[in-house]
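Trainee: This is the structure I want to talk about, given as structure tokens.
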Amino acid sequence: MEQSCFQEQLKALPTKPGVYLFRDDTGKVLYVGKAASLRHRVRSYFGAPRTLSPKLQKLAARTRDLDFIVTDSEQEALILECNLIKKHHPPHNVSLKDDKSYPYIKVSLNEEWPRVFQTRRFEDDGGRYFGPFANAKAVRRTLDLLRKLFRYCSPRGVITGKKPRPCFDFYINRCVGACSGEITKEEYRRIIEQVILFLEGRQEIIIRDLRHRMEEAARALEFEKAISLRDQLQAVESITERQKISSTTKNDEDVIAFAREKNEACVQIFFIRGGRLIGKEHFILEGTLDEEPGRIMASFIEQFYGSAPYVPPRMLLQTEPYDTSVILPWLEEKRGGKVSLKVPQRGEKKMLVDMVAENATAALQQLRAKWLTDTGKTATALKELEEQLHLLKSPKRMECYDISDIRGTSAVGSMVVFENGRPRPSNYRRFKIKTVTGNDDYAMMQEVLRRRFKRANLQDSSSWAVMPDLVLIDGGRGHLSSAIEVMQELGIDTVPLASLAKENEEVFLPDAAEPLILPRNSQALYLLQRIRDEAHRFALSYHLKVRRKTTMTSALEVPGIGPKRRRSLIKQFGSVRRIKEASVEEIAAVPGITRALAERVKEYL
């Protein structure tokens, strides 16, 4: 949308802090943002396009209307922005995936006999909340551990202490029998206090209390009670020992880092309480394409701590968040005390942040691998591709092609194969470009396709003879057109073609005037991206290998050293650097190399 389209509306914007909403021609909210000055911030979107990132250029082009809400302060604008992002899920915002469903552990201190249970509602009702956790499985794991350590009651309803007999768990030593009055309220409260201390990471207080009670029971000759307390003490000490990490502080801190790929980022948090790692969680952020790292970090902090029940006094961050001057006072208000945001540059703290970043990378790779093994999602993706690309049948075998070169040098092509949505590495093929000189990607792609499908026409029994249900080209409309020419030349008209352009993830089809834009959360798009990325990886790895060999060969173009002798030298020493470091005698020991040639090689290098 050009600024001239609603010049008067922009002029009328107030210079006060607030929140603005961009909408498309259907009224759908595209983006929600906050600003210290609404007029200055909103006008910045509609100036010279070259000053905007590609993401903001697309946003400005799609915007047809805008709304705004004035607030009293930037902190109020931040809170309102978080609430509106949760409500509208704008496609151009960085947002927590399914943030509304994150579970908590609740300790119902407002009840006569407190309970410890999972909940998805965070309320100001006097209870203690811990989390949010990434998923219900993480909560169940924690609750199972707490039950084993502290044996509190976990009935479905409110505990009354008046049941005629205890539950089965009491008889197998998994419950203290509070529901039937086998323990006093004071004793039960003490157990609940230990649960809270454990969840807060204050295990040393629990250990001191258990040891004191164990010694008291032993002195009173209550040996069964002493043994039970000893077992509980050993279990807590064992858990505590496993939680220790290298930390320069005994205070509470959260360590946050992320890994990103395309339109998603995986954020990892380590929760450190009293110098101990008491837990870690990872969360997925959507809409991170073309976003600066500082904005991704800021978006996560705002959305996560907007609903988190606890803000630690310190956060160690991978990168400095955008709008720190607004975020920091807001965090301090939520905490009710001082909060520091640190981006360590060296030492143990930097090593800790790097470790969290490695965990984020591993978690992101694991999530992608898990997606590939999810039969339901794969089936959905194949069905969506069949419908969206108007294919005659499900694309059970897909082949993707990519070219890798540097200005036409060391050019190679790759072919990767996915069957039923999963990679088939045994069918992968790679091609060294032979007939094209110079930087001509289209001609290189044509050479690769021509060589592949000529092999298919031979009708042999190898994998070359298997025709794909879809051929995907890494590139735009020009790459697709060059592929169509080859298929027409070879008389192959039964294999569907498509290309996927990297920048906007547009899908080009032979008979479509406009590119197909699949939804960002589409399983079909995710599968196409996975295949395209795999083809790129396979092509790049081969290109690097060819380039290394070419570089070594060109460095050894010494008069009197032909291809055969160059190969012998490379085979013997492995690299040009090692040949340079070798003595004349060592070089002369290579078959076919005389001492005179060895001296010439040393002099040349």
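Residues are listed down the side, and each one gets a yes or a no for (1) under 33 Å from the mean Cα position of the chain (by Cα); (2) in contact (Cβ under 8 Å) with a residue 24 or more places away in the chain:
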{"position": "PRO423", "(1), (2)": "yes, yes"}
{"position": "THR435", "(1), (2)": "no, no"}
{"position": "MET467", "(1), (2)": "no, yes"}
{"position": "GLY491", "(1), (2)": "no, no"}
{"position": "LYS502", "(1), (2)": "yes, yes"}
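Trainee: Now for a different question. Between a first residue in the range 354-366 that is under 19 Å from LEU316 (Cβ atoms) and crowded, with 19+ Cβ neighbours inside 10 Å and a second residue that is at pLDDT 85 or above and among the aliphatic types (A, V, I, L, M), which pairs have beta carbons less than 6 Å apart while being 6 or more apart in sequence or on different chains?
Mentor: VAL356/VAL255; VAL356/ALA257; ALA360/ALA257; ALA360/ALA259
Trainee: Being assigned to a loop (DSSP other than H, G, I, E, B) and surrounded by 14 or more Cβ atoms within 10 Å (Cβ to Cβ) narrows it down to one of ILE473, ILE492, ILE531, so name that one.
Mentor: ILE492
Trainee: Next question. Can GLU264 be described as surrounded by 19 or more Cβ atoms within 10 Å (Cβ to Cβ), over 24 Å from PRO309 (Cα atoms) and at pLDDT 75 or above? Can you show your working first?
Mentor: On the way: surrounded by 19 or more Cβ atoms within 10 Å (Cβ to Cβ): yes; over 24 Å from PRO309 (Cα atoms): yes; at pLDDT 75 or above: yes.
When the stated conditions are applied, GLU264 passes them.
Trainee: Can you name the number of the only condition in (1) at pLDDT below 75; (2) not in a helix (DSSP H, G or I) that TYR310 fails?
Mentor: Going through (1) at pLDDT below 75; (2) not in a helix (DSSP H, G or I) one by one, TYR310 breaks only (1).
Trainee: I would also like to ask the following. Determine whether the range 374-397 contains at least one residue that is of a type in the set (Val, Ile, Thr) and free of Cβ contacts under 8 Å to residues at least 12 places away in the same chain.
Mentor: The answer is yes, given that some residue of the range 374-397 is of a type in the set (Val, Ile, Thr) and free of Cβ contacts under 8 Å to residues at least 12 places away in the same chain.
Trainee: Specify the residue that is modelled with the highest pLDDT; the eligible residues are those in the range 373-410 that are more than 16 Å from LEU528 (Cα to Cα) and buried (at least 17 other Cβ atoms within 10 Å of the Cβ).
Mentor: Filtering first and then ranking leaves ILE403.
Trainee: Could you please let me know if TYR31 is in contact with a Pro (Cβ under 8 Å, 6 or more places away or on another chain), of a type outside the set (A, V, I, L, M), outside the structural domain of TRP330 (by TED's automatic domain parsing) and crowded, with 20+ Cβ neighbours inside 10 Å? Reasoning before the result, please.
Mentor: Working: in contact with a Pro (Cβ under 8 Å, 6 or more places away or on another chain): yes; of a type outside the set (A, V, I, L, M): yes; outside the structural domain of TRP330 (by TED's automatic domain parsing): yes; crowded, with 20+ Cβ neighbours inside 10 Å: yes.
Yes: the conditions hold for TYR31.
Trainee: Does the range 47-67 contain at least one residue that is touching a Gly at 6+ places or on another chain (Cβ under 6 Å) and touching a residue at least 40 places away in the same chain (Cβ under 8 Å)?
Mentor: No, the conditions are met nowhere in the range 47-67.
Trainee: Which numbered condition trips up LEU605, out of (1) closer than 29 Å to LEU289 by Cα; (2) of a type in the set (A, V, I, L, M, F, W, C); (3) at pLDDT below 85; (4) surrounded by 14 or more Cβ atoms within 10 Å (Cβ to Cβ)?
Mentor: With respect to (1) closer than 29 Å to LEU289 by Cα; (2) of a type in the set (A, V, I, L, M, F, W, C); (3) at pLDDT below 85; (4) surrounded by 14 or more Cβ atoms within 10 Å (Cβ to Cβ), LEU605 is out only on (1).
The values are calculated or read from the model by the stated rules, or taken from the named source; none is laboratory data. Keep in mind that this is a model prediction, so the values were computed, not measured. Cβ sites come from the backbone with ideal geometry, for glycine too, and all protein chains shown count toward neighbours.
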